[in-house]
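Student: One structure is given below, represented as structure tokens, and several questions about it will come after.
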Amino acid sequence: MLSRIAGAAGSTLVVGLVGEAAGEPTKTGALAPADPDAFPTVPTWTRQIGAPTGKGYGQPSPHESAVTRRLYPGLTQPITAYSTSPLQDLDGGITPNGLFFERHHAGVPAIDPGKHRLMIHGLVKEPLLLTVDDIRQFPSVSRIHFIECAGNPSFLPPWGKTAAEVAGLVSCAEWTGVSLRTLLEEVGLHPDAKWVIAEGADAAAMTRSIPLEKCLDDTLVVYSQNGERLRPEQGYPLRLVVPGFEGNMNIKWLRRLHVTNAPAYSREETAKYTDLMPDGRARKFSFVMECKSIITQPSGSHQLTRHGAHEIRGIAWSGMGKVERVDVSVDGGATWHKAELQSTVHAKALTAFRAPFPWNGEERVIMSRAIDETGYVQPTLSALEAARGKNSFYHNNAIQPWRIASDGNVTNGRE
Ligand SMILES: Nc1nc2c(c(=O)[nH]1)N[C@H]1C(S)=C(S)[C@@H](COP(=O)(O)O)O[C@H]1N2
Ligand SMILES: [Mo]
């Protein structure tokens, strides 16, 4: 419950700052609190000069130390290593760099940017070997885009308890770098060029084939993330950003772009990142991350502590373009209401939404459903399974329900 100010009605609360003796509580009619920092005493931090400047690189408040990426025991080292972004603790559509999700197949390489090179070769007129400094001298662009792992989340229980566990393999940043088109124009494409095979400099030598059309459209070779150089975990000093396509194609620690007339059929586009259909055939090159949303507040592990006006908040995104609309339901999907989108909606970017939510102790199942500019509507899990069968591992963009108990406790609403 909210603490109402004692005797507030009709009287004025006096909180003295000037000319008051140190340590003397202000007079409000309430009992003097034992804690010298408790309201309405003028607290210690107001009575003394604060910390000096001089932290070369700023850190969050120590009181926010619980807001971290979630690590999964046994999944912190090569092949299946990942950490998820704490969606349930974040606001808005940009992910702080230190909380961007991670997915590494052979750990984070310690790259010396002075020795790192990007080679562009194959079906080109003039192959190039570029330093990071060379790349920074090309005309640049800054774009806001999400990256989402295609396995976010798997289709199988146990269902995650928190938004991070359910969908924390998505994050969004403002990326700065060079349009891949600019670099491909520099090397000059051979008329037979149809694909670009991107390779990473990590011990996994992560390799993916990208259709030339996408490379000439909005694909970026980036060196900065939210204004500062890429974090080592995000691909320092160079990564590919392939907007709206599977996270796996956003090759980190980028060292080679091989222009070819056919895909490479690498491990990551054959044994992995294909979707086994009920008839035994596999969907391959299922590049686009389809429209999706999740409520992040209130979400699993949150606790509502008061009755009255609340708000449902969340994020929505689509690999096909802009989010057009988000609907929310507070009755398990029986009825839907339009949520409000944040003012600037970027294509292929996380878009924050919010909707009023009066709550007075009712049991509720809340969920969101996003619709993108192509008219695609985020499906339910059962609709997805009806279309694709139960063998798929990747591309689960199902509607996520959260259950609110009468005591305000929030848990995963999937049965
Ligand atoms: N070189 C290289 N690139 C890579 C990977 C990798 O292990 N090595 N992982 C891929 C996968 S599966 C995903 S989902 C994204 C994750 O990007 P992030 O760690 O910056 O969030 O990077 C992709 N690029
Ligand atoms: Mo991934």
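Student: Of the residues in segment 178-201, how many are in contact with a Lys or Arg (Cβ under 8 Å, 6 or more places away or on another chain) and part of a strand (DSSP E or B)?
Tutor: Looking only at that region, the number is 5.
Student: Scanning for something in the same structural domain as Val326 (by TED's automatic domain parsing), over 13 Å from Pro298 (Cα atoms), in contact with an Asp or Glu (Cβ under 8 Å, 6 or more places away or on another chain) and at pLDDT 95 or above, does segment 380-395 turn up at least one residue?
Tutor: The answer is no; no qualifying residue exists.
Student: Consider only pairs whose beta carbons are under 8 Å apart and that are at least six residues apart or on different chains; among these, list those whose first residue lies in segment 245-265 and is within 16 Å of Ser286 (Cα to Cα) and near ligand 1 (Cβ under 7 Å from one of its atoms) and whose second residue is in a loop (DSSP other than H, G, I, E, B) and of a type in the set (D, E, K, R).
Tutor: If the second residue must be in a loop (DSSP other than H, G, I, E, B) and of a type in the set (D, E, K, R), the pairs left are Asn248/Lys272.
Student: Give all pairs with beta carbons closer than 6 Å in which a residue from segment 319-332 that is farther than 9 Å from Cys291 by Cβ meets a residue that is surrounded by 23 or more Cβ atoms within 10 Å (Cβ to Cβ) and among the β-branched types (Val, Ile, Thr); count only pairs at least 6 apart in sequence or on separate chains.
Tutor: Short answer, once both residue conditions are applied: Val328/Ile312; Val330/Ile366.
Student: Hey, among His121, His145, which residue is within 26 Å of His258 (Cα to Cα) and either within 16 Å of ligand 2 (Cβ to nearest atom) or basic (Lys, Arg) (or both)? Don't jump to the end; show me each part of the working.
Tutor: Details: His121 fails: either within 16 Å of ligand 2 (Cβ to nearest atom) or basic (Lys, Arg) (or both).
It is His145.
Student: Next question, about the same structure. Considering each residue of segment 120-158, count those that are of a type in the set (A, V, I, L, M) and within 13 Å of ligand 1 (Cβ to nearest atom), and give that number. So that I can check it myself, show each step before the final result.
Tutor: Of the residues in segment 120-158, the ones of a type in the set (A, V, I, L, M) are 120, 123-124, 128-130, 132, 135, 141, 144, 147, 150, 156.
Among the residues that remain, those that are also within 13 Å of ligand 1 (Cβ to nearest atom) are: 147, 150.
Number of matching residues: 2.
Student: To continue, here is another question. If I filter segment 151-164 down to residues being within 16 Å of ligand 2 (Cβ to nearest atom) and out of contact with any strand residue (DSSP E or B) (no Cβ under 9 Å at 6 or more places or on another chain), which single residue comes out as nearest to Asn250 (Cα to Cα)? Full working, then the answer.
Tutor: Residues of segment 151-164 that are within 16 Å of ligand 2 (Cβ to nearest atom), as a first pass: 151-155, 164.
In the following step, the residues that additionally are out of contact with any strand residue (DSSP E or B) (no Cβ under 9 Å at 6 or more places or on another chain) were identified as 153-155.
Values: Pro153: 18, Ser154: 20, Phe155: 23 Å.
Only one residue fits best here, namely Pro153.
Student: Just checking, how many residues over segment 45-89 are hydroxyl-bearing (Ser, Thr, Tyr) and away from ligand 1 (no atom under 16 Å from the Cβ)?
Tutor: Matching residues across segment 45-89 total 5.
Student: Another question, if that's okay. Just the residues that are within 26 Å of Asp133 (Cβ to Cβ) and either within 14 Å of ligand 1 (Cβ to nearest atom) or among the small types (Gly, Ala, Ser) (or both), please, taken from segment 191-202. Quick ask: steps written out before the conclusion?
Tutor: Step one: filter segment 191-202 for residues within 26 Å of Asp133 (Cβ to Cβ), giving 196-202.
Residues satisfying the conditions are Ile197, Ala198, Glu199, Gly200, Ala201, Asp202.
Student: Assess whether Trp175 counts as being among the aromatic types (Phe, Trp, Tyr) and within 17 Å of the chain's Cα centre (by Cα).
Tutor: yes
Student: State which residue is nearest to Ala204 (Cα to Cα) when the search covers only segment 258-272 and only residues that are within 16 Å of ligand 2 (Cβ to nearest atom) and among the hydroxyl-bearing types (Ser, Thr, Tyr). Please lay out each step first, then the result.
Tutor: If we filter segment 258-272 for residues that are within 16 Å of ligand 2 (Cβ to nearest atom), which is where we start, we get 266-272.
With among the hydroxyl-bearing types (Ser, Thr, Tyr) added as a condition, the list becomes 266, 270.
Values: Ser266: 12, Thr270: 16 Å.
Ranking the candidates gives Ser266 first.
Student: Which count do you get for residues in segment 298-343 that are modelled with pLDDT under 95 and under 17 Å from the mean Cα position of the chain (by Cα)? Working first, answer last.
Tutor: Step one: of segment 298-343, the residues modelled with pLDDT under 95 are 342-343.
From the residues that got through so far, the ones that are under 17 Å from the mean Cα position of the chain (by Cα) too are 342.
Within segment 298-343, residues that are modelled with pLDDT under 95 and under 17 Å from the mean Cα position of the chain (by Cα) number 1.
Student: State all residues of segment 203-212 that are within 16 Å of ligand 1 (Cβ to nearest atom) and either more than 23 Å from the chain's Cα centre (by Cα) or in a strand (DSSP E or B) (or both); if no residue qualifies, say none. Steps first, please.
Tutor: Here is the first cut: in segment 203-212, the residues within 16 Å of ligand 1 (Cβ to nearest atom) are 203-210.
Correct list: Ala203, Ala204, Ala205, Thr207, Arg208, Ser209, Ile210.
Student: Right, next: Mind checking which residues of segment 213-235 are more than 10 Å from ligand 1 (Cβ to nearest atom) and under 19 Å from Leu130 (Cβ atoms)?
Tutor: Matches in segment 213-235: Cys215, Leu216, Thr219, Leu220, Val221, Val222, Tyr223, Ser224, Arg229.
Student: Does any residue in segment 89-104 that is at pLDDT 95 or above come within less than 8 Å, Cβ to Cβ, of a residue that is away from ligand 1 (no atom under 12 Å from the Cβ) and hydroxyl-bearing (Ser, Thr, Tyr) six or more places away or on a different chain, and which pairs are these?
Tutor: As it stands, the answer is Leu90/Thr296; Gly93/Thr351; Leu99/Thr68, since those pairs meet every condition given.
Student: Within segment 153-181, how many residues are free of Cβ contacts under 8 Å to residues at least 60 places away in the same chain and surrounded by fewer than 17 Cβ atoms within 10 Å (Cβ to Cβ)?
Tutor: Initially, segment 153-181 is screened for residues free of Cβ contacts under 8 Å to residues at least 60 places away in the same chain, giving 156, 158, 176, 178-179, 181.
After this cut, where a residue has to be surrounded by fewer than 17 Cβ atoms within 10 Å (Cβ to Cβ) as well, the list is 156, 158, 181.
Within segment 153-181, residues that are free of Cβ contacts under 8 Å to residues at least 60 places away in the same chain and surrounded by fewer than 17 Cβ atoms within 10 Å (Cβ to Cβ) number 3.
Student: Answer yes or no: is there a residue in segment 282-290 that is within 12 Å of ligand 1 (Cβ to nearest atom) and either assigned to a loop (DSSP other than H, G, I, E, B) or within 26 Å of the chain's Cα centre (by Cα) (or both).
Tutor: Step one: filter segment 282-290 for residues within 12 Å of ligand 1 (Cβ to nearest atom), giving 289.
Adding the requirement that they be either assigned to a loop (DSSP other than H, G, I, E, B) or within 26 Å of the chain's Cα centre (by Cα) (or both) leaves 289.
Scanning segment 282-290 turns up at least one residue that is within 12 Å of ligand 1 (Cβ to nearest atom) and either assigned to a loop (DSSP other than H, G, I, E, B) or within 26 Å of the chain's Cα centre (by Cα) (or both).
Student: Tally up the residues in segment 228-263 that are touching a Cys at 6+ places or on another chain (Cβ under 8 Å) and of a type in the set (D, E, K, R), please.
Tutor: 1
Student: If you don't mind, there's one more thing I want to ask. Would segment 96-109 turn up any residue that is polar (S, T, N, Q) and over 30 Å from Leu341 (Cβ atoms)? Walk me through it before giving the result.
Tutor: The first filter runs over segment 96-109 and keeps only residues polar (S, T, N, Q), leaving 97.
Cutting the leftovers down to over 30 Å from Leu341 (Cβ atoms) gives us none.
No; the residues of segment 96-109 include none that is polar (S, T, N, Q) and over 30 Å from Leu341 (Cβ atoms).
Student: Shifting gears a bit: Can you work out which of the residues in segment 49-74 that are surrounded by 12 or more Cβ atoms within 10 Å (Cβ to Cβ) and aliphatic (A, V, I, L, M) is farthest from Leu90 (Cα to Cα)?
Tutor: In this case the residue turns out to be Leu71.
The values are calculated or read from the model by the stated rules, or taken from the named source; none is laboratory data. All figures in this text were calculated on a predicted structure; none of them were measured in a lab. Reconstructed Cβ throughout: ideal geometry from the backbone, glycine too, with neighbour counts over all protein chains shown.
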